[in-house]
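Encoded as structure tokens, the structure appears first; notes follow it.
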Amino acid sequence: MIIEDYLPELNTSFEYEVDAEGDNGAMSPILHPFANHYNETHTYKGIADNFYGKDRQNIDVTEVGPYKCARFEIKRPDIYDVTTNYYYAIMDSFLALYYQENSKGSKQLFLLPEQLPIIIFPLKENFFFESKKWCNFYLILTETGISLAPKYESGKLNVDECKLKLTVDNKSNIAIGSKSYESYPITIELVTKTGSFMTKAKTTITIKRWYAPEIKYYVKEEYNVFMDALIKSKGHVNKVLKVISKA
């Protein structure tokens, strides 16, 4: 099986209409700056071979990888002049969380992508996966001044932890505008533990995505976030496909 056969055509863009609401604490790791309504574009940029995630100084973190990765570029032109690149590690039968970075310098690196699948191929109804153990990751948010991993240096790793559950339900038809897509509902529950003492937090991000084989991508996404910290917070994001274009 070749995973690339399940990915969109190179430089295909998917534009979404997004509605969001919630508290800044819960929303800042997934949406900064916060906005209630905006457009977001996802573009498939192809394969990066032998790729390593980077540290603060943009040096390869060689403790994990390299991986062959599928790269997706995310832009929110309505609210934010920043480009974010997501690198999903290509495993034998799934794509996994591995690394993301944006043009402002924020980075997120997952150290055990083998335990963090976000989609499996070929898709199977009534499928369930759960991480066997807590997996380490780094998160640096330069725009907000938040650094949830004080040391992000090769050989001096100070990391936070996460765990993931992946569920695929029975496929069904979902109406998007005037069109109906046969889709697989995919639910990801990502639980993270970050910080210590006063900054200690446990965050649960539940993502539901509808993957349509016809377009080889998602026609809709919903995010629910709950942060259990000194000050509890929550948020919700809804994304609906508007336009598909090809460069």
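Going through (1) crowded, with 21+ Cβ neighbours inside 10 Å; (2) farther than 20 Å from N11 by Cβ; (3) of a type in the set (F, W, Y) one by one, F128 falls short only on (1). Residue count for the range 113-153 under the criterion of being in a strand (DSSP E or B), farther than 30 Å from A212 by Cα and either aromatic (F, W, Y) or modelled with pLDDT of 90 or more (or both): the result is 2. Annotation note: Cβ proximity below 9 Å between a residue of the range 215-226 that is without any contact (Cβ under 8 Å) to a residue 60 or more places away in the chain and closer than 16 Å to V18 by Cα and a residue that is polar (S, T, N, Q) and crowded, with 17+ Cβ neighbours inside 10 Å (sequence gap 6+ or interchain) occurs for V219/S183; K220/S183. The numbered conditions (1) among the charged types (D, E, K, R); (2) at positive phi; (3) at pLDDT below 95 are all true for K246 except (2).
Checked against the criterion of being in contact with a helix residue (DSSP H, G or I) (Cβ under 7 Å, 6 or more places away or on another chain) and within 30 Å of K132 (Cα to Cα), the range 26-46 contains not a single residue that satisfies it. Taking every residue in the range 160-178 that is farther than 14 Å from Y218 by Cβ and pairing it with any residue that is of a type in the set (G, A, S) and surrounded by 16 or more Cβ atoms within 10 Å (Cβ to Cβ), at least 6 positions away or on another chain, the pairs with Cβ-Cβ distances below 6 Å are K163/S131; L164/S131.
Working carefully through the options L112, L97, find the one that is in contact (Cβ under 8 Å) with a residue 24 or more places away in the chain and over 11 Å from the mean Cα position of the chain (by Cα).
Working: L97 fails: over 11 Å from the mean Cα position of the chain (by Cα).
The unique qualifying residue is L112.
The values are calculated or read from the model by the stated rules, or taken from the named source; none is laboratory data. Every value quoted in this text rests on a predicted model; they were computed, and no experiment measured them. In this analysis, Cβ positions are derived from the backbone assuming ideal geometry, glycine residues included, and neighbour counts consider all displayed protein chains.
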